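For reference, the structure is listed below as structure tokens.
The values are calculated or read from the model by the stated rules, or taken from the named source; none is laboratory data. Remember, predicted model here, so these are calculated numbers, not experimental data. In this analysis, Cβ positions are derived from the backbone assuming ideal geometry, glycine residues included, and neighbour counts consider all displayed protein chains.
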Amino acid sequence: MIKRLAFVLAFVGLFFFGIDAQNKLLNIQDAILKGRSSLAPKRLLNISFVPESKNLAYTDKNELHIVSCETGLETDLINVNDINQVLRKNNNDSILFFDGLRFKNSHQFYFVSKKGEYLYSINKKSVEKSTRKSSEAAYEDLDEFKDGERFAFTKNNNVYVNLSGVEKQVTTDGLYEIVNGKSVHRDEFGIHKGLYWSPEGNALAYYRMDQSDVTDYPIIDWSTYPAQNKNIKYPMAGNKSHYVTLHVYNIKNGSSVQIKTEGPKDQYLTNVSWSPDEKKIYMAILNREQNHYKLNEYDVASGDFVKTLFEEKDEKYVEPSNPMLFVKNNAKQFIWQSRQDGYNHLYLYNIDGSLVKQLSKGNWEVKSVLGFDDKGDVLYFQANEQSPVNQDVYAVNLKSGKMNRISQGNGFHIGILNKNGDCLVDNFSSSQIPREYSIIQTKTGKVFSLLKAENPIKDYQLGTWRLFSIKNNEGTDLYCRMFKPVNFDSTKKYPVLVYLYNGPHSQLVTNTWMAGGELWYQYMAQKGFIVFTLDGRGTSYRGKAFEQAIHRQLGTLEMEDQLKGVEYLKSLPYVDANRLGVHGWSYGGFMTTSLMTRNAGVFKVGVCGGPVIDWSYYEIMYGERYMDTPQENKEGYDKNNLLNHVDKLKGKLLMIHGAQDNVVVWQHSILYQKKAVEKGVQLDYYVYPGHEHNVLGKDRAHLMEKVTNYFIDNL
């Protein structure tokens with residue numbers, strides 16, 4: 001009887017523990033600071049394929065796991081303690097976790113500590129200091145050659161190379177106005193770096209950017225006494241731009257050659273690629289109007305123009321964002337990505353510029369290329385053929401054109417392919433599945449599971465969520481997600497928070513964990529809010545017509561689609577149509593302010609961060625692509641200039657800006673605030689000193705608490 005009573009008490013205790021465990025509530029620190037760490041679905045870190053082997057490596061819980069792609073079995077295991085024991089023997093420092101892990105070969109890998117980089121030998125269990133680089137060097141950008149012995153970097157706007165520990169300076173003219181070896185054109189057109197090694201490492205191509213004609217723009221550092229001005233170069237739409245050239249440095253003789261690109265100085269040099277034999281270099285030369293590009297070939301030795309392989313025009317804009325990819329083992333053919341048929345697809349070309357065939361086709365988009373198989377007959381890529389909110393891995397045979405779906409499961413697959421193309425790591429999630437990792441043998445289709453992550457917020461009170469679509473006025477599907485409040489009661493009326501962005505190069509609603517939502521939405525669900533998001537026209541991966549619909553009139557059709565979402569919300573019996581709020585940052589800040597003024601009265605409360613107010617104050621590359629210049633499109637700039645709509649504001653609007661914002665400069669919201677004063681319009685305003693375009697780090701919790709309280713107090 002005593003045992004039975006003890007069992008019953010234990011059972012009751014477990015029952016109440018289970019209830020208590022699922023009654024936990026998020027606080028703002030949990031929702032913001034832990035939302036992408038301890039309360040995010042578990043990740044495997046440092047995933048890479050081990051050279052000279054059929055093995056995969058990753059780290060988890062400070063342990064290095066090595067797994068066979070052929071059997072799925074773990075063959076070796078090294079933890080941080082093993083490393084630290086060796087480090088301490090040599091009077092070196094220790095590490096808390098694996099950082100900067102990269103395999104040199106099958107039995108050696110690099111890792112980084114506070115004192116620099118080390119090379120660990122698995123067989124010998126020994127550590128030696130790497131000469132490749134040290135933490136003391138002031139490297140601003142770094143591009144490493146595949147052998148691990150050569151790398152290029154920038155310092156003080158000059159280019160340097162390090163060849164097996166010997167450092168050489170490549171350029172000497174680096175100044176505030178002359179920038180060598182860095183990303184150019186404001187990181188548009190797929191550009192994210194300024195250094196490009198040749199295939200065999202015998203030469204280095206690098207950008208040189210002359211900013212002397214670009215107007216200085218002040219960014220105030222408020223932390224100094226007194227405050228100091230730190231100018232940046234910010235080319236605003238319709239004004240003078242920077243001028244970019246490409247140069248090639250010969251490693252053997254130490255000389256540099258400028259690639260002789262013809263055309264206006266302010267054209268765009270994009271999509272740099274090398275020929276396999278290192279004798280030619282290729283670029284897409286895009287005019288400033290961004291409606292015409294030429295894919296050009298240049299001679300590396302002389303820098304001379306050789307020929308134009310082909311060109312592409314569009315009445316609105318073209319945006320070449322991916323360099324040509326030579327077919328593996330075939331220097332006479334390459335892959336090019338283009339939206340020439342309305343969707344981003346893969347095209348196979350001969351090196352003379354003649355089209356062999358279109359490799360992918362349909363009302364869906366190729367999103368990225370992963371690599372080839374060992375022979376170069378098959379190309380692997382990621383695309384959203386199943387649904388605009390999904391992503392899968394596919395294989396296409398270059399000869400037959402036959403395409404196969406490699407990944408399985410309805411959701412979002414992110415693939416990492418090994419060098420031979422026979423092993424794929426699949427990082428999968430869906431709206432209801434946190435994360436699953438597996439190894440897929442691409443030839444056989446055999447699958448080995450690596451990890452099935454638990455729901456990281458299973459112990460918390462949660463609102464339910466779903467992913468769905470509605471139709472806009474044209475009958476086109478618009479994808480949405482909705483979070484309902486905790487303990488939702490369909491007989492009650494709830495306030496709604498619409499979170500949006502709706503600008504180009506964005507997709508908020510995806511078939512990933514929580515439909516792509518943030519943990520803050522669950523925090524708001526705890527507070528009794530419905531949280532709703534819709535991706536309207538102008539957003540990505542829906543084809544050229546869907547994105548280009550907003551051309552020359554940024555803000556207009558996007559609002560039309562967002563209001564279609566509002567119409568849907570108002571049709572729901574549990575939505576309080578008198579308590580609608582809207583929140584967004586950057587382009588989303590522009591949309592929030594647009595909706596609060598150009599459609600005044602729909603939303604009772606708005607919070608906008610880092611908002612574009614007047615597109616003539618935004619950068620050339622992005623602004624002129626979507627709006628043309630202010631001189632060419634005065635009507636479009638005036639109509640969508642939010643300074644012209646300040647006096648229409650109804651409801652409460654909180655505007656927030658980072659004081660050091662170098663993307664959407666602070667002047668946007670300052671001018672809006674000034675206009676509000678002139679018009680007698682009350683506006684709430686808050687500034688985050690020390691932050692650029694986004695408020696990051698621990699201060700982000702402060703930001704989101706302010707946003708949350710504003711909606712609670714006013715909605």
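Any chance region 430-446 includes a residue that's of a type in the set (Phe, Trp, Tyr), over 28 Å from Val356 (Cα atoms) and out of contact with any Ser or Thr (no Cβ under 7 Å at 6 or more places or on another chain)?
Yes: region 430-446 contains one or more residues that are of a type in the set (Phe, Trp, Tyr), over 28 Å from Val356 (Cα atoms) and out of contact with any Ser or Thr (no Cβ under 7 Å at 6 or more places or on another chain).
Give the residue, chosen from Gly254, Gly174, that is over 27 Å from the mean Cα position of the chain (by Cα) and free of Cβ contacts under 8 Å to residues at least 60 places away in the same chain.
After applying the criteria, what remains is Gly174.
Quick one: which strands (runs of 3 or more DSSP E) sit completely within region 252-341 and have at least 3 residues that are of a type in the set (Ser, Thr, Tyr)?
On the way: elements: 256-258, 268-274, 280-286, 292-299, 305-313, 325-327, 330-338.
Filter on region 252-341 gives 268-274.
Got a sec? Which helices (runs of 4 or more DSSP H) wholly within region 588-702 have at least 2 residues that are surrounded by 23 or more Cβ atoms within 10 Å (Cβ to Cβ)?
620-627, 667-679
With Lys493, Lys471, Lys484 as the choices, which residue is closer than 24 Å to Met596 by Cβ and either touching an Asp or Glu at 6+ places or on another chain (Cβ under 7 Å) or buried (at least 17 other Cβ atoms within 10 Å of the Cβ) (or both)? Working first, answer last.
Numbers: Lys471 fails: closer than 24 Å to Met596 by Cβ; Lys484 fails: closer than 24 Å to Met596 by Cβ.
Exactly one residue qualifies, and that residue is Lys493.
For region 196-203, indicate whether the set of residues that are exposed (fewer than 13 other Cβ atoms within 10 Å of the Cβ), under 29 Å from Tyr626 (Cβ atoms) and modelled with pLDDT of 95 or more is non-empty. So that I can check it myself, show each step before the final result.
Start the filter on region 196-203 by keeping residues that are exposed (fewer than 13 other Cβ atoms within 10 Å of the Cβ), which leaves none.
Scanning region 196-203, I find no residue that is exposed (fewer than 13 other Cβ atoms within 10 Å of the Cβ), under 29 Å from Tyr626 (Cβ atoms) and modelled with pLDDT of 95 or more, so the answer is no.
Can you run down the residue pairs with Cβ atoms below 9 Å, 6 or more apart or on separate chains, where the first is in region 141-167 and surrounded by fewer than 14 Cβ atoms within 10 Å (Cβ to Cβ) and the partner is small (Gly, Ala, Ser)?
Listed by first residue and then by second, the contacts come to Lys146/Gly201; Asp147/Gly201; Asn156/Ala138; Asn156/Gly174; Glu167/Ala137.
Among the residues of region 52-76, write down those that are touching a Phe, Trp or Tyr at 6+ places or on another chain (Cβ under 6 Å) and surrounded by fewer than 17 Cβ atoms within 10 Å (Cβ to Cβ).
Across region 52-76, the qualifying residues are Asn62, Gly72.
Is it the case that Val575 is under 30 Å from Thr491 (Cβ atoms), touching a residue at least 60 places away in the same chain (Cβ under 8 Å) and crowded, with 21+ Cβ neighbours inside 10 Å?
Spelling it out, it is not the case that Val575 is under 30 Å from Thr491 (Cβ atoms), touching a residue at least 60 places away in the same chain (Cβ under 8 Å) and crowded, with 21+ Cβ neighbours inside 10 Å.
Can you tell me which residues in region 404-435 are under 18 Å from Leu370 (Cβ atoms) and β-branched (Val, Ile, Thr)?
Result: Ile406, Ile414, Ile416, Val425.
Which residue pairs have Cβ atoms closer than 7 Å, lie 6 or more positions apart in sequence or on different chains, and pair a first residue in region 451-473 that is modelled with pLDDT of 95 or more with a second residue that is among the small types (Gly, Ala, Ser) and surrounded by fewer than 16 Cβ atoms within 10 Å (Cβ to Cβ)?
Asp459/Ala21
Please identify the pairs in which a residue from region 178-202 that is over 22 Å from Ser275 (Cβ atoms) and in the same structural domain as Thr245 (by TED's automatic domain parsing) has its Cβ atom under 8 Å from the Cβ atom of a residue that is among the basic types (Lys, Arg) and not in a strand (DSSP E or B), counting only partners at least 6 apart or on another chain.
Lys182/Lys193; Ser183/Lys193; Glu188/Arg625
Return a yes/no flag: does region 383-402 have any residue that is outside the structural domain of Val306 (by TED's automatic domain parsing), closer than 25 Å to Phe448 by Cα and charged (D, E, K, R).
Yes, region 383-402 has at least one match.
Please count how many residues of region 243-266 are out of contact with any Gly (no Cβ under 8 Å at 6 or more places or on another chain) and crowded, with 21+ Cβ neighbours inside 10 Å.
Qualifying residue count, region 243-266: 3.
Yes or no: Glu436 closer than 30 Å to Gly528 by Cβ and either surrounded by fewer than 20 Cβ atoms within 10 Å (Cβ to Cβ) or within 25 Å of the chain's Cα centre (by Cα) (or both)?
Criteria not met by Glu436.
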